[in-house]
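The values are calculated or read from the model by the stated rules, or taken from the named source; none is laboratory data. As the structure is a computational prediction, the values presented were derived from the model and not from experiment. Cβ atoms come from the backbone with ideal geometry, glycine included; neighbour counts cover every protein chain shown. Protein only, heavy atoms only, side chains kept; ligands, DNA and RNA dropped before computing areas. Shrake-Rupley method; radii C 1.70, N 1.55, O 1.52, S 1.80 Å.
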Amino acid sequence: MTNESITPGGIGGSSPSGRSTSRRARRAGGGGGGAAALRKVSDGAVNVAVKEPGRFFALCLDTFRAIFKWPFQWREFIEQSWFIVSVTVIPTMLVAIPFGGILSLQVGGLIRQLGAQSYTGATAVVAIVREASPLVTSLLVAGAAGSAMCADIGSRKIREEIDAMEVLGINPLHRLVVPRMFACAFIALFLNGLVSVVGLIGGYVFNVMLQNGTPGAYLASFNAIAQLPDLLQAEFKAFVFGITAGLVAAYKGLNAKGGPKGVGDAVNQTVVITFMLLFVENFIISTLYFQFVPSKGM
Amino acid sequence: MGVEIRVEGLTKSFGRQVIWQDVSLSIPAGEISVLLGPSGTGKSVFLKSLVGLLKPDRGHIYIGDRDLPYLPEHQLYETRKLFGVLFQDGALFGSMNLFDNIAFPLREHTRKTEAEVRRIVLEKMDLVGLMGAEGKLPGEISGGMKKRAGLARALVLDPEILLVDEPDSGLDPVRTAFLNQVFIDLSAQLDCTFLIVTHDINTARTVPDNIGLLYQRHLAMFGPREMLLSSEEPVVRQFLNASKVGPIGMSEEKDASELEAEAKMGLDSGKLPPIPPQQMPSNGLVRRGQHAPGAWCAAHGVTPPPGSFIDELGRNWVDEWPRYVASMQAGQAAGGAGVTPPGGPGFPPPAPGPGGAAY
Ligand SMILES: Nc1ncnc2c1ncn2[C@@H]1O[C@H](COP(=O)(O)OP(=O)(O)OP(=O)(O)O)[C@@H](O)[C@H]1O
Ligand SMILES: [Mg+2]
């Protein structure tokens, strides 16, 4: 590891002749440089479009197989769950309260202008339970849990701990990735519930105290439009988000290279990629939900 | 015990960077082999390929009759249980203390009781001189200690094949000498196949039965110790004598320890230095894999450089060897040591003990 981190890239750094030829090539520069740069760009494009998703998919399949390996790592699962709880619960609540409040203010204001003030409670359900809470959950799962997980696995990778594990005959996917992935999904379920509850309370407080809504109207309209599938689809989303975040973090962590900087890059990419994937998944699941689950009549 | 590793036409590259190509060699069962090469020639990559952590582009690695790069996963994990590996940086699990690190393979792969685990772990920690550091975390110990803890973990399952990446980097010369003795004793005790990667010329000259040299993306030479130490091949000669004279230039980094060894040996004189006698087990055993001193030279009609095989006490080991083996075997029967074995240079000269006097 040391040599790789000290010589960045380290390409051709092995032999004196290799080094001098590369230096000569660089000096020759000019036209060759353009072609090389073009090749680099096209290589990168192929990498992003084909190779990386392919490898990620392979990792997902391997992890799926490792799920059924005996015994399940309960201890690791519980430790990781606890760890994820410890890094996400407080930020989740702190995000959920103003989120609920803001939604109430914005949507409530709009609804009042339209003259349907008694439906503020109903809009809160739609906004918070169906969309906002999975969204907030995904922010925290990707930003807090996924990044921490990727940093952990990535630093194990560059310290060769993963290699050592494999040599000792232990499959790191089974030992490290599967329990983390399930811990992430499991905690995401709870976070989603937490965001819904805290968000609704926040919305209620804002509506009743600041917008002069009546508690009765809030609750009545809430009851009129809320249905169990709303919550179930949100929980389903949260579960899928947790699994996705866990897999992306594992993939990026296990492929970290190039010393501590490599881990930093991996964490960065994990957060960005997880966000994008979660938003796409959120969109797909919401669309399907609206397609297949009828809204409650009023 | 001990398994032969046969490598055929192995090639490895990362992207466009070829690390080495067409490496073919056979590491004999039960013998100690050393792999040398300038920094960055892919020695660590080679070790990782041998345990299937990196997949070569081409070629075969036979462990017994199994072709490692093409094994299905469960067989690969099964085969890896033959190996003990010390990584270049120790590769300890950062979240466990040293005791748990070393106990890890035992707890995973055996059904030993906690008391047995404790006994074995403490025995191995004693062997590498880490007594009293059981409770420390890997982040709290020095580089040399990490190395030794990694070695203890590699040894704990009594492997058939031991791959050791630079056991002596970051270690003081005395500990290096003791560690070399530990390797030799282990080899006598376990009969395992050893492959050591090192930059320490002293180790390379006195410890192994075989030496290999990686240079410029090829295996420059691999063979018995005496063959390489008496070779006139410029690269081999320069490297094994840590000399400035030769094809390897300065754009290759030289370690301080190498420079020191170079100065001490006062080479560059044009003549090959004598072949030192091989270090022998201190535990009164005879290593099965050890060749008789001078046997290779005699068989191939090579005259070893003058002064070869003579130890600090002035004994010529070509003559001494048959008597040594006989006395060792007698000693094993009687339960005592025979002739004092030669230590390598830098190793505290063995005091002529009662066994020697009785001779
Ligand atoms: N995972 C990897 N990806 C890309 N290149 C790598 C990888 N591992 C090693 N290399 C490259 O392979 C070459 C050989 O590395 P290796 O670590 O095997 O050298 P070494 O001979 O062990 O050197 P040293 O004596 O300093 O330990 C280096 O140029 C390094 O940059
Ligand atoms: Mg190395």
Label-point gap, in nm, between B:Ala295 and B:Gln17 - each point 7 angstrom along Cα→Cβ: 4.2 nm
At q = 0.23 1/Å the base-10 log of I(q)/I(0) from the Debye formula over the alpha-carbon atoms of region B:1-81 is -1.20
Most fluctuating residue given options A:Gly262, A:Gly44, A:Gly100, as computed from a GNM of chain A linking Cα atoms under 10 Å: A:Gly44
In deg cm²/dmol and to the nearest 500, what is the mean residue ellipticity at 222 nm of the protein assembly as shown if only DSSP H runs of at least 4 residues count, each as -39500 (n - 2.57), divided by the residue total? -17000 deg cm²/dmol
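Please compute one quarter of the surface area of the Cα convex hull for region A:98-184 and express it in square nanometres. Present the calculation step by step, with values, prior to reporting the outcome.
Numbers: hull surface 27.8 nm².
Computed as one quarter of the Cα hull surface, the answer is 6.9 nm².
Which FRET efficiency value, to the nearest 0.05, do you get for A:Ile67 and B:Tyr62 by plugging their Cβ-Cβ distance into 1/(1 + (r/R0)^6) with R0 = 30 Å? Can you show the working numbers first?
Working: r = 33 Å, r/R0 = 1.11.
The value I calculate is 0.35.
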Virtual paramagnetic centre 7 Å along Cα→Cβ of B:Asp100, amide N under 18 Å, in region A:77-118: A:77-84
By what distance, in whole Å, do the Cα atoms of chain A stretch along each of the three principal axes, largest value first? 83, 52, 34
Which distance in nm do the two modelled labels at B:Val325 and A:Ile90 give, with both placed 7 Å along the Cα-to-Cβ direction? 7.2 nm
In nm, give the distance between the simple-model label positions of B:Glu116 and A:Asn268, each being 7 Å from the Cα along the Cα-to-Cβ direction. 5.1 nm
Compute the FRET efficiency between A:Ala224 and A:Thr287 as 1/(1 + (r/R0)^6), taking r as their Cβ-Cβ distance and R0 = 25 Å, and round to the nearest 0.05. 0.55
Around B:Val236, what is the net charge, scoring Lys/Arg as +1 and Asp/Glu as -1 over all other residues with Cβ under 14 Å from its Cβ? 0
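Out of every Cα pair in the protein assembly as shown, what percent are spaced more than 41 Å from each other?
It works out to 42 percent of all Cα pairs.
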About its Cα centre, what dipole magnitude does region B:5-218 give when the only charges are +1 on Lys and Arg Cβ and -1 on Asp and Glu Cβ, stated in debye to the nearest 20? 460 debye
Within 11 Å, Cβ to Cβ, of A:Gly44, how many net charges do the neighbouring residues add up to if Lys/Arg are +1 and Asp/Glu are -1? +1
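May I ask for the equivalent-ellipsoid semi-axes of region B:61-185, computed as the square root of five times each C-alpha gyration tensor eigenvalue and listed largest first in whole Å?
On the way: eigenvalues 121, 67, 36 Å².
Listed largest to smallest, the semi-axes of region B:61-185 are 25, 18, 13 Å.
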Take the cross-link list B:Lys43/B:Lys124; A:Lys252/B:Lys147; B:Lys124/B:Lys147 and give me the ones stretching past 22 Å between alpha-carbons. B:Lys43/B:Lys124; A:Lys252/B:Lys147
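Quick check: at a probe of 1.4 Å, how many percent of the accessible area of the protein assembly as shown sits on carbon and sulfur atoms?
Values: 18910 of 29930 Å².
Ligands and nucleic acids excluded, carbon and sulfur reach 63 percent.
Regarding region A:145-298, what is the average projected area of its C-alpha convex hull, in nm²?
Values: hull surface 45.9 nm².
One quarter of the hull surface, i.e. the mean projection, equals 11.5 nm².
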Between region B:1-68 and region B:91-108, what is the C-alpha centre distance in whole Å? 27 Å
Report which residues of region A:168-214 become buried by 40 Å² or more of accessible surface when going from the isolated chain to the complete set of protein chains (1.4 Å probe; DNA, RNA and ligands ignored). A:Leu168, A:Gly169, A:Ile170, A:Arg175
A:Val271: net charge of surrounding residues, Cβ under 13 Å, Lys/Arg +1, Asp/Glu -1, itself excluded? 0
Along each principal axis of its Cα atoms, how long is region B:5-218 end to end? Whole angstroms, biggest number first, please. 47, 40, 33
Could you calculate the FRET efficiency of B:Lys136 with B:Val302 from 1/(1 + (r/R0)^6), where r is the beta carbon distance between them and R0 is 41 Å, rounded to 0.05? 0.25
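Could you compute how much accessible area chains A and B hide from each other, both sides summed, with a 1.4 Å probe? Nearest 100 Å² is fine.
Working: alone 16400 and 16190 Å², together 29930 Å².
Its buried surface, counting both partners, is about 2700 Å².
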